[in-house]
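Have a look at the structure that comes next, please.
Rule-based calculations on the coordinates, nothing more; no lab input. Keep in mind that this is a model prediction, so the values were computed, not measured. Virtual Cβ from ideal backbone geometry, glycine too; neighbours counted across all protein chains shown.
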Amino acid sequence: MTTRRDFLKASGALVISFSIGDAFSQAAPARLPGSLNNNRMLNAWLRIDADGTVTIFTGKIELGQGIGTALAQIAADELDVELKRIRMVHGDTVLTPNEGQTAGSLSVENSGTAVRFACAEAREILLSAAAAKLGTQELKVTDGVVVGGGKEITYWALAGEIDLKKEASGGAKPKPPAEYKWVGKSIPRQDIPRKFTGGAAYVQDIRLPGMVFGRVVRPPSPGATLASLNEAAVKQMPGVVAVVRDGNFVAVAAEREEQAIKARAALAKSAVWKENATLPPAGDALYEHMVKLGVPAQTMLDKTGAAAAPAKTLEARYTRPFQAHGSLGPSCAVAQWDSGKLRVWTHSQGVYPLRGDLANAFGLEPAAVRCTHAEGAGCYGHNGADDVALDAALLARATSGRPVKLQWMRDDEFMWEPYGSAMVMKLGAALDAQGNIVEWAHEVWSHPHSTRPGQSKGTHTLAARHLAKPVGAAPVGDVPLPSGGADRNAVPGYDFPNVKVLKHFIVDSPLRTSALRTLGGYANVFAAESFMDELAAAAGADPVEFRLRHMKDPRARAVIEATAARAGWKAGPSPLRKLAPSENGWGFAYSRYKNLGCYCAVAAEVSVNRSTGQVRVVRAVSAVDVGQAVNPDGVINQIEGGFIQSASWTLKEAVGFDRTRVKTRSWADYPILRFDEVPQVDVVILNQPNQPSLGVGEGSQGPAAAAIANAIASVTGKRVRDLPFTPGRVKAALA
């Protein structure tokens with residue numbers, strides 16, 4: 001029987017899995033736990049400082065998900081120090097280990113595991129040194145003070161005598177959960193105070209000596225080329241330091257930010273572009289277009305089990321539009337050249353992969369580029385953070401060594417960031433005479449969900465394709481299963497005897513697409529869990545009972561049952577009942593994110609205004625199993641945030657375009673959920689302190705969308721299968 005670790009290794013997946021039990025039983029495993037496996041030196045992860053602090057280095061970066069606080073809790077427990085002594089350093093290609101992208105809800109699972117084992121081993125080294133000093137093996141540690149034989153010595157006194165510049169063995173035994181002081185507690189997030197008080201929290205807040213401000217002028221459409229530009233007049237404008245024109249890339253730097261904005265406007269006004277109609281049809285025609293491209297299907301799963309005579313068959317098609325990240329603050333970066341070397345401050349989710357792309361773009365060795373993470377005002381996926389870093393670096397070459405802070409404008413962000421791909425999901429199933437699912441088919445059409453930096457050759461950064469001598473694009477592929485990209489969560493988590501999953505991976509996308517939070521998981525779970533309700537209705541079954549009868553996994557069953565109990569679920573056939581216009585409806589959905597991460601079920605209560613088609617989410621309940629919950633409040637925060645984000649996607653968000661231009665340029669063109677529309681979200685954590693931590697950040701988005709869809713069907717008796725559920729679309733369905 002193969003282990004999950006061996007399976008993932010054999011499949012070439014990007015997910016690293018491990019067993020804590022295996023790690024305990026081996027003195028020196030060949031494969032180290034979590035991210036230690038690729039960053040094996042202990043001093044890559046921590047430093048004991050003589051000033052009474054401990055510095056923890058992580059390649060994962062803080063996006064607002066609270067991992068800095070969670071990792072600090074893990075370190076404090078394993079080292080037996082107070083939490084206030086922990087200093088966190090995130091994402092710096094000179095200082096921190098290379099952990100690739102902060103993505104896939106893997107930070108606590110992988111980086112947290114590495115920190116736990118590295119700190120456990122460092123503690124053993126410290127205690128060994130203390131034992132030699134104190135002359136006894138009977139030691140006790142309290143906040144870094146080691147006591148034994150009537151004497152004491154501190155970690156800080158030992159800091160200069162121990163050697164952490166050695167490879168981790170992986171054999172140090174972390175503490176059992178019963179001895180945790182910090183893990184399992186809802187510690188306030190360390191990054192919140194300066195954000196709440198307006199402190200210097202973001203890359204937009206960086207100020208460097210001699211810094212100038214930059215703006216970029218983008219083409220008006222994806223297929224446009226620059227015919228002419230009046231650079232000379234703009235160079236004479238007040239404060240202008242440099243104007244860069246390289247092919248279709250145009251940028252300006254000025255002494256003050258408002259001067260750069262005015263210069264950008266003047267450049268844009270003088271530019272003459274030749275445009276071409278390169279975009280697909282919009283609206284419902286988009287989905288027919290994607291299917292008719294004729295991209296061959298890849299079989300992702302073909303499971304054949306016991307045959308049964310189908311008593312009833314169903315088919316349904318579900319769609320998702322192109323969607324934007326909609327970062328509240330436009331993307332920004334600071335870049336500076338010095339003696340042929342490049343320094344960039346960036347809110348990229350992967351400083352090492354970005355370093356590689358910048359090195360490729362400029363023909364440099366990676367060592368000549370340093371990328372340092374600074375938080376941005378929202379991302380959760382591959383937005384414009386990496387693109388703007390190249391923009392800033394290109395402009396900084398023309399400023400004689402002065403640092404450039406280049407920030408996109410709102411129309412840059414909406415028109416040019418990589419979108420979450422439009423998707424088509426066709427589902428089919430057969431029920432036997434008892435109303436059980438005996439056949440299941442899931443077919444998906446999608447563009448790429450990951451064109452992030454990090455390939456060995458080329459780059460996916462935007463400006464690289466606009467240069468007079470474009471830098472070649474890196475190869476595009478899909479994230480392989482079991483994690484999956486376009487097919488993420490297309491493989492059902494239920495126990496069906498016959499299953500077939502097909503994927504049509506459309507490599508060439510007319511609009512840039514890449515990672516939007518959950519990749520294909522959001523749409524695939526929306527489709528699958530909507531279809532589960534449709535099948536429950538065909539079987540005359542209660543939606544919760546119907547799911548439980550097809551589920552064996554006890555942890556999955558537990559979150560389904562806990563959600564139903566907390567919501568006060570009233571069992572009955574689906575649709576539950578036809579309600580009067582003034583009443584609300586409930587919907588239910590479940591998923592295990594990537595079939596590898598956290599278990600999450602959601603029940604959502606909605607109201608539908610039948611005269612306008614307006615849908616309002618009133619309340620949501622979610623039970624989640626994340627294994628060991630390092631910071632319960634952080635878990636709740638992520639499930640709440642994921643539901644709210646998903647509600648916005650599900651009810652409102654879609655990128656608009658015609659055959660030539662993207663029409664979404666401002667918040668007026670791209671409405672999102674407003675504060676007064678945010679529902680009450682009640683989260684139940686089924687904590688498993690003796691189980692490995694599972695990724696939580698993307699666990700609720702898919703179930704949230706399906707629960708909202710199922711609630712609409714419950715209250716109206718009508719099924720809406722095309723995202724988003726705008727008032728016009730819902731009203732049309734009711735008619």
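Considering the dipole of the range 305-425 built from charges on the beta carbon (Lys and Arg +1, Asp and Glu -1) around the Cα centre, which of 390, 337, 353 is farthest to its positive end?
Checked the options; the winner is 353.
If you don't mind, another one. Could you calculate the contour length gain from residue 173 to residue 668, that is, 0.36 nm times the residue separation minus the distance between their Cα atoms, to one decimal place in nm?
The span from residue 173 to residue 668 would gain 172.7 nm if fully extended.
Using the Kirkwood radius over C-alpha pairs as Rh, can you work out the diffusion coefficient of the range 404-450 via Stokes-Einstein at 20 °C, viscosity 1.002 mPa s, in µm² per second?
Rounded, D is 145 µm²/s.
Let me ask something else about it. With only Lys, Arg, Asp and Glu charged, each at its Cβ (+1 for the first two, -1 for the last two), find how big the charge dipole of the chain is about the Cα centre; round to the nearest 20 debye. Each step should come with its number before you reach the end.
On the way: 82 positive and 71 negative charges, 224 e Å.
In total the dipole reaches around 1080 debye.
If you keep only loop residues by DSSP, which GluC sites (Glu not before Pro) in the range 494-587 have at most 11 other Cβ atoms within 10 Å of their Cβ?
Here the GluC sites (Glu not before Pro) that fit, given the DSSP loop and packing criteria, are 583.
Using only the alpha carbons, work out the radius of gyration and Dmax of the range 203-267 in angstrom.
Reported Rg and Dmax, both Å: 12.5, 39.
What's the ranking of 370-378, 427-435, 449-457 by average number of surrounding C-beta atoms within 10 Å, highest first?
370-378, 449-457, 427-435
Sorted from largest down, give the three principal axis spans of the alpha carbons of the range 4-194, whole angstrom values.
In descending order, the Cα extents are 55, 43, 34 Å.
Which peptide among 64-75, 143-154, 587-598 comes first, and what is the full order, when sorted by highest mean count of other Cβ atoms within 10 Å?
587-598, 64-75, 143-154
For the range 187-221 and the range 368-403, compute the distance between their C-alpha centroids and round to whole Å.
Rounded to whole Å, the Cα centres lie 12 Å apart.
Still on this model: Rank-order 181-193, 616-628 by packing density, defined as the average count of other C-beta atoms within 10 Å over each peptide's residues, highest first.
Ranked by mean Cβ neighbours within 10 Å, highest first: 616-628, 181-193.
So if we plug the beta-carbon distance of residue 619 and residue 732 into 1/(1 + (r/R0)^6) with R0 = 45 Å, what FRET efficiency do we get, rounded to 0.05? Numbers along the way, then the final one.
Working: r = 26 Å, r/R0 = 0.58.
Between residue 619 and residue 732 the formula returns 0.95.
Let me ask something else about it. Give me the tail of P(r) for the chain as a percent: Cα-Cα pairs with distance above 37 Å.
That fraction is 43 percent.
Next question. Working out 0.36 nm times the residue gap between residue 400 and residue 137, then minus their Cα-Cα distance, what length gain in nm do you get to one decimal?
Working it through step by step, the gained length comes to 88.6 nm.
What order do you get for 162, 639 when you list them from fewest to most C-beta neighbours inside 10 Å? Can you show the working numbers first?
Values: 162 17, 639 30.
Going from sparsest to densest Cβ surroundings: 162, 639.
Then there is this: Can you pick out the pairs among 133/175; 60/457; 269/469; 303/457 whose Cα atoms lie more than 31 Å from each other?
303/457
With N denoting the number of residues in the range 391-491, provide Rg(C-alpha) divided by 2.2 N^0.38 Å, to two decimal places. Don't jump to the answer; show the numbers that get you there.
Details: Rg = 21.2 Å, N = 101, 2.2 N^0.38 = 12.7 Å.
Against the compact-globule rule of thumb, the ratio is 1.67.
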